[in-house]
Amino acid sequence: QVQLVQSGGGLVQAGGSLSLSCAPSGTIFSIDGAGWYYQAPGKQREWIVGISRGGTTNYADSVKGRFTISRDNAKNTVYLQMNSLKPEDSGVYYCNAGVKFTASGPINIYWGQGTQVTVSS
């Protein structure tokens, strides 16, 4: 089965930036809607940002003005640019996307493996 593979993350100082990417591991037709979720240690996973096929975006208040979601449909890749990072942003970030394997086929939902982001003070 196809998987969503995430890249990026790591350790950064408060106020710094990181970028994440998410792309299917195999051949697909297209990505429909996509988004990113955040999970703090010991907490439930929560939605933070989404993007439609056409590029319309929505942001949770916690990241609005600091994080930017984007996509490159030619590369079937979704990105998350994280600026002005705070220690409370530390945790695991997961990508989520609806994937089509054919033009007329269904949209299947997939999750990335998650990537650790640590922001030091």
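Ranked by the mean number of other Cβ atoms within 10 Å per residue, highest first, peptides 59-65, 19-25 order as 19-25, 59-65.
Quick one: with all protein chains in place, what share of the accessible area of the chain is carbon or sulfur, to the nearest percent (1.4 Å probe)? Walk me through the numbers before you get to the answer.
On the way: 3070 of 6330 Å².
On the chain, the fraction of accessible area on carbon and sulfur atoms equals 49 percent.
Karplus-based coupling profile of the stretch 9-23, in residue order and whole Hz: x, x, 10, 8, 7, 3, x, x, 10, 9, 10, 10, 9, 8, 8, with θ = phi - 60° in 6.51 cos²θ - 1.76 cosθ + 1.60 and x standing for Gly or Pro. List the residues whose amide H sits under 5 Å from the amide H of residue 53, counting only those 5 or more places along or on another chain, with H placed 1.01 Å from N in the peptide plane. Hits under the 5 Å cutoff: 33. The modelled label-to-label distance between residue 62 and residue 102, using points 7 Å beyond Cα along the C-beta direction, is 4.0 nm. Phi angles across the stretch 92-102 convert, under the Karplus curve 6.51 cos²θ - 1.76 cosθ + 1.60 with θ = phi - 60°, into 3J(HN,Hα) values of 9, 10, 10, 8, 9, 8, x, 10, 10, 9, 9 Hz, Gly and Pro given as x. Residue by residue, the stretch 71-76 carries 3J(HN,Hα) couplings of 8, 10, 5, 5, 9, 6 Hz when phi is fed to the Karplus relation 6.51 cos²θ - 1.76 cosθ + 1.60 (θ = phi - 60°); x denotes Gly or Pro.
Among residues other than residue 112 whose Cβ falls under 15 Å from its Cβ, what is the net charge (Lys/Arg +1, Asp/Glu -1)?
Numbers: positive: 45, 71; negative: none.
Net of charged neighbours comes to +2.
How far, in nm, would the chain grow between residue 45 and residue 75 when pulled straight, counting 0.36 nm per residue and subtracting the alpha carbon separation? Show your work: numbers first, answer last.
Working: separation 30, 0.36 × 30 = 10.80 nm, distance 2.71 nm.
Working it through step by step, the gained length comes to 8.1 nm.
Each Lys and Arg Cβ is given +1 and each Asp and Glu Cβ -1; about its Cα centre, the chain then shows a dipole of about 120 debye.
Could you tell me the center-to-center distance, by alpha carbons, between the stretch 24-80 and the stretch 87-121 in angstrom? Measuring centre to centre over Cα atoms gives 7 Å. Amide H to amide H distances under 5 Å link residue 90 with 119, where only residues 5 or more positions off or on other chains count and H is placed in the peptide plane. Across the chain, the relative contact order, built from alpha-carbon pairs under 8 Å that are at least six residues apart, equals 36 percent. Close amide H partners of residue 3, meaning residues 5 or more places away or on another chain with modelled amide H under 5 Å apart, are 25, 26.
Can you divide the C-alpha Rg of the chain by 2.2 N^0.38 Å and report the result to two decimal places?
On the way: Rg = 14.2 Å, N = 121, 2.2 N^0.38 = 13.6 Å.
Dividing the Cα Rg of the chain by 2.2 N^0.38 Å gives 1.04.
The values are calculated or read from the model by the stated rules, or taken from the named source; none is laboratory data. Computed from a predicted structure; not experimentally measured. Here Cβ is always computed from backbone atoms with ideal geometry, including for glycine, and neighbour counts include all displayed protein chains. Areas reflect the complete protein model, heavy atoms only, side chains present, ligands, DNA and RNA absent. Shrake-Rupley method; radii C 1.70, N 1.55, O 1.52, S 1.80 Å.
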